């Protein structure tokens with residue numbers, strides 16, 4: 001498990017400043033080493049007692065933004081020449097949230113060996129992580145059908161680059177324990193454990209790509225490994241305030257989830273997940289409250305070379321979480337232009353939002369706008 005104390009930087013600096021002020025005040029009011037009142041202190045029994053400042057932050061709700069599949073091949077590679085602006089104009093939407101998460105559907109390596117028998121293999125330089133960081137992304141999942149496109153060496157390179165980056169990587173590891181460990185953030189006085197796992201892997205890749213004892217690989221829900229994920233989620237829920245699972249699931253080109261997906265979401269929710277989101281289909285799928293938890297079945301492409309038709313429809317999901325519950329949800333529809341999402345505006349935004357909402361009924365899913 002990775003515990004992050006510094007991010008999100010947008011709020012952590014304020015917290016650090018407040019903590020420093022408390023330390024200064026405490027030091028000024030403490031007794032001298034010889035037991036006498038320190039300079040400026042009030043002797044016992046004199047003056048009015050002031051309430052002690054709490055060392056723990058009062059828990060407050062926080063926001064978590066999600067984007068879909070990210071890669072930097074083809075037309076996207078030149079955007080990495082300036083990582084600071086590579087994801088504009090969607091950066092403002094991601095940065096507005098306390099935390100933001102995407103699916104990193106590429107190896108971060110300039111080495112490795114392309115995986116055999118794959119039509120598409122993706123990789124990108126380390127500047128891809130700089131671009132995500134600059135756009136406000138705090139964590140990315142590697143658990144997908146491209147996470148080991150360049151073999152174990154490519155995955156190890158990716159993990160090494162992640163260790164050197166402010167962007168936390170989940171869903172993969174140097175062994176099974178690391179792959180199934182969440183990254184834990186502290187935000188607004190609460191903890192949130194964030195997992196990544198893939199429900200999609202070609203049969204011939206499952207033995208080689210699944211993390212094992214002493215074997216680098218991905219976290220998956222395939223066969224007996226689903227129980228490993230459920231156990232990890234339950235352990236995290238017992239220790240942390242909120243649990244989020246980002247899955248790679250669905251059928252390419254299909255708006256509706258696969259038949260087993262709602263049951264898988266229910267299992268993760270029963271284990272303690274606050275939120276279950278995912279992608280893979282390269283088109284949008286429905287999202288909404290499934291009971292008291294929030295489930296999104298497909299966030300579509302996000303930073304991708306598609307820019308026509310359904311594969312260019314995307315958006316940002318922003319949830320408000322508070323101590324194990326989802327208080328509110330917001331879907332900001334967007335369309336990929338030049339490889340990156342551009343939010344819709346005005347009537348176009350309203351129409352795109354309604355089209356997305358209508359997918360719930362089209363797919364026969366009992367998803368709502370509020371928890372039940």
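Since every read-out is calculated from the coordinates, none of them should be taken as a lab result. Keep in mind that this is a model prediction, so the values were computed, not measured. Neighbour counts are summed over all protein chains in view; Cβ atoms, including those assigned to glycine, are modelled from backbone coordinates with ideal geometry.
Placing one equal scatterer on every Cα of region 62-362 and applying the Debye formula, the log10 ratio I(q)/I(0) at q = 0.09, 0.14 Å⁻¹ is -0.37, -0.98.
Exposure proxy ranking for 336, 206, based on other Cβ atoms within 10 angstrom of each Cβ and starting from the fewest, stands as 206, 336.
Going from the fewest other Cβ atoms within 10 Å to the most, the residues 331, 356 appear in the order 331, 356. Highest mean packing comes first when the peptides 251-262, 281-292 are listed by Cβ atoms within 10 Å, giving 281-292, 251-262. DSSP bridge analysis restricted to region 62-362 gives an antiparallel fraction near 50%, rounded to the nearest 5. Look at the alpha carbon pairs under 8 Å that are at least 6 residues apart: their mean separation over the length of region 73-214 gives a relative contact order of 23 percent.
Looking at region 149-260, send over the antiparallel percent of its DSSP beta bridges, to the nearest 5. Once the DSSP bridges in region 149-260 are tallied, antiparallel ones form about 45 percent. A Cα-only calculation for region 43-196 places Rg and Dmax at 19.9, 81 Å. Comparing Cα centroids, region 211-231 and region 313-372 end up 30 angstrom apart. Between the alpha-carbon centres of region 96-122 and region 168-208 there is a gap of 14 Å. As a size descriptor, the averaged projected area of the C-alpha convex hull of region 111-159 was calculated at 3.6 nm².
Among 124-130, 319-325, the peptide with the highest mean count of other Cβ atoms within 10 Å heads the list, and the full ranking is 124-130, 319-325.
Just so you know, the Rg over Rh for region 219-293 is 0.96, from Cα atoms, with Rh as the Kirkwood radius. Taking other C-beta atoms within 10 angstrom as a stand-in for reagent exposure, 165, 370, 300 fall in the order 370, 165, 300, fewest first.
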